[in-house]
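What follows is a short report on a single structure.
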Amino acid sequence: MKKLINDPKNVVDESVEGFGLAHADLVTVSPDPLFVVRAGGATQGHVGIVSGGGSGHEPLHAGFVGHGMLTAAVPGPVFTSPTPDPIVAATIASDGGAGVLHIVKNYTGDVLNFETAADLADAEGIRVVSVIVDDDVAVKDSLFTAGRRGVAGTVVVEKCAGAAAERGDDLDAVAAVATKVNSVTRTMGVALAAGIVPHAGEPSFTLSDDEIEIGIGIHGEPGRERIALEPADAIVDRMLGPILDDLPFESGDRVLLFVNGMGGTPLLEHYIVYRHAASVLAERGIEVTRSLVGNYVTSLEMQGISITVTKLDDELTELWDAPVETAALRWGR
Amino acid sequence: MKKLINDPKNVVDESVEGFGLAHADLVTVSPDPLFVVRAGGATQGHVGIVSGGGSGHEPLHAGFVGHGMLTAAVPGPVFTSPTPDPIVAATIASDGGAGVLHIVKNYTGDVLNFETAADLADAEGIRVVSVIVDDDVAVKDSLFTAGRRGVAGTVVVEKCAGAAAERGDDLDAVAAVATKVNSVTRTMGVALAAGIVPHAGEPSFTLSDDEIEIGIGIHGEPGRERIALEPADAIVDRMLGPILDDLPFESGDRVLLFVNGMGGTPLLEHYIVYRHAASVLAERGIEVTRSLVGNYVTSLEMQGISITVTKLDDELTELWDAPVETAALRWGR
Amino acid sequence: MSLGISWVTAWIDDTVEVVSHNRTRLSELDREIGDGDHGENLDRGFSAVKVKFDTLPDDATPGAALKLVATTLISTVGGASGPLLGTAFLKGAQALGDAPEINADGVVALLTAARDGVVLRGKAEPGDKTMIDAWTPAVDAAGEAAAAGASPAGVLRAAAAAASAGAESTEPLVARKGRASYLGERAIGHRDPGAESSALIITAAADAAAATEG
Amino acid sequence: MSLGISWVTAWIDDTVEVVSHNRTRLSELDREIGDGDHGENLDRGFSAVKVKFDTLPDDATPGAALKLVATTLISTVGGASGPLLGTAFLKGAQALGDAPEINADGVVALLTAARDGVVLRGKAEPGDKTMIDAWTPAVDAAGEAAAAGASPAGVLRAAAAAASAGAESTEPLVARKGRASYLGERAIGHRDPGAESSALIITAAADAAAATEG
Ligand SMILES: Nc1ncnc2c1ncn2[C@@H]1O[C@H](COP(=O)(O)OP(=O)(O)O)[C@@H](O)[C@H]1O
Ligand SMILES: Nc1ncnc2c1ncn2[C@@H]1O[C@H](COP(=O)(O)OP(=O)(O)O)[C@@H](O)[C@H]1O
Ligand SMILES: [Mg+2]
Ligand SMILES: [Mg+2]
Ligand SMILES: [Mg+2]
Ligand SMILES: [Mg+2]
């Protein structure tokens, strides 16, 4: 394992400290308990939005703290949900008197820790509503699984909910926006090579030189099936099929097409994937009206990508387009 | 080699096509000869700015085409300078009557092909001035080398020159800004693992599991020396030393600190590097007034980073802060 | 023959050591069917517990000591296992109240409350390939041993044996909770890391009791 | 005994084939001390030349044919070698003017102009570990052979031998131009890919001339 780190134990603390130094105009870092909050803190009278989860998915979540998106982010250890304490602290710091939305990716650990934190914040007199993101179509949502995972679609949820909070929606309305975005968002991922968790020192799974893993999550979990490497276009077909059939997305729909890199795949390849995905959507009569391409929800240095499609209506388009000023997403300001 | 590509021969064409589809609001792609120009083309009465070079460094250069930065970008084959034809075509498309600046990274191939293109554009009646970027302190600038390479500092040159063109500076003034930025910018890079050129199928160089390569360029060329892996902070010390001593940067200087990922290193690590770099600068009394962190000038999926320091005065700060709206860099609009 | 605070401290000391010793192995089990951090998570938690125990008053009740374990795990482990094991210890502690000594029935009550706490939070059933597959057989075996008149140490010994067998029994299962559930059939053949660590913790309790009684 | 358009087309056909055949090897040489694309670059260029040559009129002069090679290389190769080799062919073509046939002195003029073109663009000197280390010995040997009364094919044979030796002579050198110059001492022990490809091109010219003379 080769990484630009010092002690594996300090990876998250040092990285978040560096993040705070680099973006002092946007955020303030609380070192202990560890969370990242907008410079200036909560906006009085506005709903606060807190998200978080294991580290290793950067820029998610701290990279989305700022005007028009998150109020605070809580980075856990690498690939491990944070404990309730920092979530509670971040929730208190994000409360501007209008309550706080928790945006939680659907993993047992995240759900349980955020749940506990919400109870504790409630005991402090802060109203908390939680929305669970579960956009990953690779996992069957049934009684026999922990349900679909929350993956790249989280960015879209955070962006739109953030815009709703910024325009002054109340807590239930902001939560409704988050729920709505989640309900019209589907994602599927593929890995060519796993990342390496610093304290583990070995890849989470090993693929031979002609294998890829379809339906991976963002924590180095193995995926749904392992197949022989195919041309990019064929892989995109494999991924888009389940995404489009699931909602389903239909001819005439307007969508956001989001090609997300898992951290170790060059941008050159992202756009090759985007090209074919766009043409498949066009063939099906689905109109891509917004796009996002790049490393937004990563899995350390995993090689691979995910494709996310969100069905847009006028309201979601307006919320997507609203000004945002964060380290990783910025427009309109 | 595992990549999300179709035929290695079509990698650049398909990627640029995808880029054009994803960012149709910002750019227009000319497929043959291949170049990327601002949607709407040249701004009448303003200086045009064209840059380009081998592909594989994305988002450089196409990701910087748009308001406040490049007018056009010319992507060559992977790691190979484009030929004069598309450069000429991009130059013609970028001319708004006030002449065109070529920003050229200092590689023999880029310099020669842009030189030829400038002659040909001149023959078409377009005034072209070229500025060569050579910010890489890993290479000795002497009669016995091809001179310093142009690496990540190119982004800073393109940003500030773009802002100067946008505010209406004439060609000589825009070129003077580019030359000035280059003269106060220094960069050094390190690699933990080389990228793989699609048509080569093998890494450009091979490092064992405890080796790193100091002073690498962005084309997979081996670097200045190969050493045993060290903690991030020690590696940063090794890189910053030559950077700071070279200009030199001195106590009281205000600077932009730019930590650039080479493509395969997670953002988590970028900020660990940033953290220590910031503290070294602080110790030396150098004030970091602007920062940039992320994958901006990459070398396919190379694992590694570069550190760039640019000395800022009021003018350069203003040009850096000026609105920019491109696929990869966006603020103020 | 009952167990007091010295048993609790011996149990937790043992657990700290066993978890640290098995850190890599537990993370490796987790890498097979999860995200490879389970050993790391527990080790972070129990290292913190160790530090906290240094400040535990000598006259603390077993319940108070286990509550300290619970809150420390909840606030340091994270992931799924943090809230789950934390709740197990919290509910176990509540079951003990402020009794200074625990008899055989007390041990059964402790284990039962702990298991119920995990179910309350995680909603897993036996056979879902989770830590419940260690806890539930342990609770059952403990009840039987107590009914048969075993000592507290004997009850824990029976619980530990059942927990270990329970952990092993997860190997052929498909998971229905936690990350391993994403894998479907591919989880078959791998032992659940949380069941394994719970068996280790219950075994540490039995070892400590044997030594205490010894 | 002079060389005409049929020699040029045989030369270029040979070159297309030799470059394609050596594509991987040239890129591997370039990977050692450059960026690993030299074979790819030249193969892209000469493949394009092959296509262009299909439309070459039967009565084209050698100069016109070589000019077509030049402009095609310039507009398809890219990198450092594109403008450099392109200029070599361009200047060589200019040296031939519109003469239909080339004698021994013409061959020397062609090679000299080509080499001078490379120097004009790239400013390299002999010993800088570049393609110049193939071209300059080739020019010198050609001049000597012509002075000694060799046939055009003989002149090219001498040039080819010297170019090959020149390419080999780059191995112990430190590079002072091109990407390899970044490596300093680490370039020692590796042959310069551009010198090697130039030797292959000049050798193809000699082979074609030998076949033409038959
Ligand atoms: N719903 C649940 N009920 C009971 N135990 C669970 C549940 N979900 C997960 N677990 C247990 O948690 C273990 C994983 O813990 P750990 O690796 O520390 O957390 P994470 O899965 O968040 O990385 C699993 O092996 C399983 O035993
Ligand atoms: N200034 C120069 N003068 C002469 N030849 C040069 C010069 N710079 C580079 N070369 C030649 O170009 C070759 C590399 O060509 P190529 O790999 O195609 O281009 P690039 O270096 O742009 O990737 C070198 O091996 C060397 O022979
Ligand atoms: Mg985890
Ligand atoms: Mg090249
Ligand atoms: Mg785990
Ligand atoms: Mg090369």
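A short reminder: the numbers here are calculations on the coordinates, not readings from a lab. The structure displayed is predicted, hence computed values, not measured ones. A quick note on method: Cβ atoms are made from the backbone with ideal geometry, for glycine too, and the neighbour counts reach across all protein chains shown.
Going from the fewest other Cβ atoms within 10 Å to the most, the residues B:Asp169, B:Asp237, C:Asp192 appear in the order B:Asp237, B:Asp169, C:Asp192. Shown for B:His23, A:His67, D:His38: other C-beta atoms within 10 Å of each C-beta, ranked fewest to most, produce the order A:His67, B:His23, D:His38. Charging the Cβ of each Asp and Glu at -1 and of each Lys and Arg at +1, and nothing else, the dipole of segment A:185-313 about its Cα centre rounds to 420 debye. Spin-label model, D:Asp105 to C:Gln94: label points 7 Å out along the Cα-to-beta-carbon direction sit 10.9 nm apart. Only one residue of B:Thr43, B:Leu256, C:Pro57 has its Cα farthest out toward the positive end of the dipole of the protein assembly as shown, where Lys and Arg carry +1 and Asp and Glu -1 on Cβ, and that residue is B:Thr43. A crude spin-label estimate for the pair C:Ile188 and C:Thr71, with each label 7 Å from Cα along the Cβ direction, gives 4.7 nm. Which residue, D:Gly178, D:Ala165, D:Gly117, has the largest displacement toward the positive end of the dipole of segment D:5-212 when charges sit on each Cβ (Lys, Arg +1; Asp, Glu -1)? Going by the charge dipole, the pick is D:Gly178. As a rough footprinting exposure proxy, the listed residues D:Leu173, C:Leu56, C:Leu73 were ranked by other beta carbons within 10 Å of their own, and the order from fewest upward is C:Leu56, D:Leu173, C:Leu73. Estimate the FRET efficiency between C:Ala64 and C:Met1 by the formula 1/(1 + (r/R0)^6), using the beta-carbon distance for r and 25 Å for R0, to the nearest 0.05. Efficiency at R0 = 25 Å is approximately 0.65. In the protein assembly as shown, the DSSP beta bridges split such that about 55 percent are antiparallel, to the nearest 5. Please determine, in degrees from 0 to 90 and to the nearest 10, the orientation of helix D:152-169 with respect to the longest principal axis defined by the Cα atoms of chain D, where the helix direction is its Cα long axis. The helix D:152-169 is inclined about 0 degrees to chain D. Copy-to-copy label distances for D:Ala99, where each label lies 7 Å from Cα along Cα-to-Cβ, are 11.4 nm in order of increasing length. Once the Cα atoms are used to define both axes, helix D:81-96 deviates from the longest principal axis of chain D by about 30 degrees. Label positions at D:Ala211 and A:Ser208, each projected 7 Å from the Cα along the C-beta direction, are separated by 4.3 nm. Per q in 0.09, 0.22, 0.23 1/Å, what log10 I(q)/I(0) does a Debye calculation on the alpha-carbon atoms of segment A:185-313 return? Normalising to I(0) and taking log10 leaves -0.24, -1.27, -1.36. With a Förster radius of 25 Å applied to the beta-carbon distance between D:Glu17 and B:Ala123, the computed FRET efficiency rounds to 0.10. Placing unit charges on each Cβ (+1 for Lys and Arg, -1 for Asp and Glu) gives the protein assembly as shown a dipole about its Cα centre, and among D:Ala187, C:Ala208, B:Thr185 the Cα reaching farthest toward its positive end belongs to B:Thr185. Among D:12-21, A:84-93, the peptide with the highest mean count of other Cβ atoms within 10 Å heads the list, and the full ranking is A:84-93, D:12-21. Counting from the shortest, the label point at A:Ser251, 7 Å from Cα toward Cβ, is 7.4 nm from the same position in each remaining copy. Each part reduced to its alpha carbon centroid, segment C:143-206 and segment C:10-55 end up 16 Å apart. The magnitude of the dipole of chain A, with charges of +1 and -1 set on the Cβ of Lys/Arg and Asp/Glu and taken from the Cα centre, is near 280 debye. Within straight-line reach of D:Lys91, meaning a Cα separation under 25 Å, sit the following lysines at least 8 residues removed in sequence or on another chain: D:Lys50, D:Lys52, D:Lys67, D:Lys123, D:Lys129, D:Lys177. Between the beta carbons of B:Lys140 and B:Thr179, assuming R0 = 30 Å, the FRET efficiency works out to 0.90 to the nearest 0.05. Rounded to the nearest 500, the helix-only mean residue ellipticity at 222 nm of chain C stands at -23000 deg cm²/dmol, with each DSSP H run of n ≥ 4 adding -39,500 (n - 2.57).
Taking every DSSP helix (H) stretch of at least 4 residues in chain A, weighting each as -39,500 (n - 2.57) and dividing the sum by the residue count yields a mean residue ellipticity at 222 nm of -10000 deg cm²/dmol.
Placing a label point 7 Å from the Cα of D:Ala165 along the Cα-to-Cβ direction, the distances to the matching points in the other copies come to 8.8 nm, shortest first.
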